[in-house]
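Working notes for the structure below.
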Amino acid sequence: MNDCIFCKINQGIIPSEKLYEDDMFFVIRDINPKAKLHYLAIPKNHYKLFSQMTENDQANLGKIIKKISEIAPSLGLSNGYRLIVNQGEDAVQTVFHLHIHILGGERLPV
Ligand code: AMP
Ligand code: ZN
């Protein structure tokens, strides 16, 4: 966990503009955007996979998804968006701290 880039962003050790933050998670822009708008919603608690969630993580994730729907307009996503969560090697997960990709701002490929 000490080497985790998202934990370091959470702690302010690596600077990143937090577009939204509450006690459960924060939202930043993806450094390598795959759509016109590409954000990451990052739970503050460190875990890699859904399979490693505690009951508290599980409850928080539901609240985080609901909150994403509430802040979507302020992120320029009033016309819809796509959520992606990569899990493990076959998904080519590269940061091993669970995060939700939020893509939008344009018509995404099917
Ligand atoms: P994943 O492949 O699902 O693990 O996604 C990790 C994402 O984190 C990639 O889309 C990267 O572009 C993004 N990323 C890595 N480092 C940073 C950073 N310092 N700030 C913002 N996004 C980052
Ligand atoms: Zn972490």
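Nothing in this text is a laboratory measurement; each read-out follows from the coordinates by a stated rule. Being a predicted model, the structure only gives us computed values, none of them experimental. Here the Cβ is made from the backbone with ideal geometry for all residues, glycine too, and neighbour counts use every protein chain on show.
Once both axes come from the Cα atoms, what is the angle between helix 55-71 and the longest principal axis of the chain, in degrees from 0 to 90, rounded to 10? The helix 55-71 is inclined about 20 degrees to the chain. Here the dipole of segment 1-105 is about 300 debye; that uses its Cα centre as origin and unit charges on the Cβ of Lys and Arg (positive) and Asp and Glu (negative). Report summary: the helix-based calculation at 222 nm, which adds -39500 (n - 2.57) for every DSSP H run with n ≥ 4 and divides by the residues of the chain, gives -7000 deg cm²/dmol.
Taking Lys and Arg as +1 and Asp and Glu as -1, the other residues whose beta-carbon sits under 11 Å from that of I71 total -1.
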